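Visitor: A single structure is presented below for examination.
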Amino acid sequence: MTLLLGTTTVDPELTDDVSMSTPDPFASIMSITSQTEYVQRDAPAGQTSVNISFAGYSATSYADMLTERKKRKAAAAAAALLPKPSLKFLNGYTATMQSSDPGYTPSNGVDGNVNNLAHSDGPGTNTWWQVDLGAEHVVSEIKLHNRITHGCGWRILNGACKMDAESGPGFTLGVSSTPCTGTNLCGGTVCRTITHRSEIPGMKVPSVSCPANTVGRFVYVQLLGPNRVLNFGEMQVAFADYFAPVPELPEFEFSW
Ligand SMILES: [Ca+2]
């Protein structure tokens, strides 16, 4: 069986009838394709269905694909109308740390208590802590509740609890689609790098805004450079559901 399929200038927005009768899926495809360009494909003998996909979504009919596309656009439109997300405590989310003092687990950074500490197990290089939001989200704001006891909040700028210098290697707050690992710099978007005492008066870290449309699954604090001890009380994050952009025209892929 030889089949001719059109692959360009298809606009499903112009085809509102998603319940079109499709006794023959090939005929359905033919009915929605243009006449401007064709590719020739050979279907296996006896094959009676074709798989259609676009933007990572697979469907067994054009109607399914169109329904999914409309669902995505509606969800994205609804999300755009939601109020700006506010900072949330992250109880229940999973936190991990480059190293952890047994008495101060990474989960102390997301237990809703700004006073108890997540604490690295001694100094490390590019020491990090991160929380896993479970899926990609749009992250708009990060609030790190630093340790402010015994002068040890200054560790977030340099290696020592007591800090005489005005500045140090400092730290970053950021968002990434991939987790921080080893002694590497964490990836993704750095929302802010802080290196100077004046930026954290009284050792208190201000709320940090991320660039518009910052998307990621992991939110992290990372101390830059070697010999760094991380200790802080809690992280709060403002985030919203993420909807992948919907292409203006679907990019069809056909397979048998
Ligand atoms: Ca805590």
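The values are calculated or read from the model by the stated rules, or taken from the named source; none is laboratory data. From a predicted model like this one, the values you see are computed outputs, not experimental measurements. We place every Cβ from the backbone using ideal geometry, glycine too, and count neighbours over all the protein chains shown.
Visitor: Could you check segment 154-175 and list, in sequence order, the residues that are away from the ligand (no atom under 16 Å from the Cβ) and under 27 Å from Gly216 (Cβ atoms)? Walk me through it before giving the result.
Guide: From segment 154-175, those away from the ligand (no atom under 16 Å from the Cβ) are 154-155, 157-175; that's our starting set.
Result: Arg155, Leu157, Gly168, Pro169, Gly170, Phe171, Thr172, Leu173, Gly174, Val175.
Visitor: Moving on to the next point. Could you list, in sequence order, the residues of segment 71-108 that are touching a helix residue (DSSP H, G or I) at 6+ places or on another chain (Cβ under 9 Å) and free of Cβ contacts under 8 Å to residues at least 24 places away in the same chain? Before you say what the answer is, go through the steps one by one.
Guide: Start the filter on segment 71-108 by keeping residues that are touching a helix residue (DSSP H, G or I) at 6+ places or on another chain (Cβ under 9 Å), which leaves 89-97, 100.
Asn91, Gly92, Ser100, listed by residue number.
Visitor: List pairs: first residue in segment 195-209 and farther than 13 Å from His145 by Cα, second residue among the polar types (S, T, N, Q) anywhere in the structure, Cβ distance under 6 angstrom, at least six positions apart or on different chains.
Guide: Partner pairs satisfying both residue conditions: Thr195/Ser167; His196/Ser167.
Visitor: Out of all the residues in segment 109-153, which are of a type in the set (Asp, Glu), away from the ligand (no atom under 16 Å from the Cβ) and in contact (Cβ under 8 Å) with a residue 24 or more places away in the chain? Steps first, answer last, please.
Guide: Keep residues of segment 109-153 that are of a type in the set (Asp, Glu), which gives 111, 121, 132, 136, 141.
With the extra rule that they be away from the ligand (no atom under 16 Å from the Cβ), the set shrinks to 121, 132, 136, 141.
Residues satisfying the conditions are Asp132, Glu136, Glu141.
Visitor: Provide a single number: the residues in segment 163-199 that are modelled with pLDDT of 95 or more, of a type in the set (A, V, I, L, M, F, W, C) and in a loop (DSSP other than H, G, I, E, B).
Guide: 3
Visitor: Using the structure shown, decide if Tyr93 is over 18 Å from the mean Cα position of the chain (by Cα), within 13 Å of the ligand (Cβ to nearest atom) and surrounded by 14 or more Cβ atoms within 10 Å (Cβ to Cβ). Talk me through it step by step, then tell me what you get.
Guide: Values: over 18 Å from the mean Cα position of the chain (by Cα): no; within 13 Å of the ligand (Cβ to nearest atom): yes; surrounded by 14 or more Cβ atoms within 10 Å (Cβ to Cβ): yes.
So Tyr93 fails the test.
Visitor: Tell me, please, whether a residue that is crowded, with 16+ Cβ neighbours inside 10 Å, among the hydroxyl-bearing types (Ser, Thr, Tyr) and in contact (Cβ under 8 Å) with a residue 24 or more places away in the chain can be found in segment 157-176. Walk me through how you get there before you give the answer.
Guide: Going residue by residue through segment 157-176, those that are crowded, with 16+ Cβ neighbours inside 10 Å are 157-159, 163, 168-176.
Applying the additional criterion that residues be among the hydroxyl-bearing types (Ser, Thr, Tyr) yields 172, 176.
Then drop every residue that is not in contact (Cβ under 8 Å) with a residue 24 or more places away in the chain, which leaves 172, 176.
Within segment 157-176, one or more residues are crowded, with 16+ Cβ neighbours inside 10 Å, among the hydroxyl-bearing types (Ser, Thr, Tyr) and in contact (Cβ under 8 Å) with a residue 24 or more places away in the chain.
Visitor: Here are Thr96, Thr149: which of them is part of a loop (DSSP other than H, G, I, E, B) and either closer than 20 Å to Arg192 by Cβ or polar (S, T, N, Q) (or both)? Write out each step before concluding.
Guide: Working: Thr96 fails: part of a loop (DSSP other than H, G, I, E, B).
Within the list Thr96, Thr149, the selection yields Thr149.
Visitor: Mind listing just one residue for me: the one in segment 121-133 that is in a strand (DSSP E or B) and more than 14 Å from Val110 (Cα to Cα) and, of those, farthest from the chain's Cα centre (by Cα)?
Guide: Going through segment 121-133, the residues in a strand (DSSP E or B) turn out to be 124, 128-133.
Filter again for more than 14 Å from Val110 (Cα to Cα), leaving 124, 128.
Working: Gly124: 26, Trp128: 18 Å.
Ranking the candidates gives Gly124 first.
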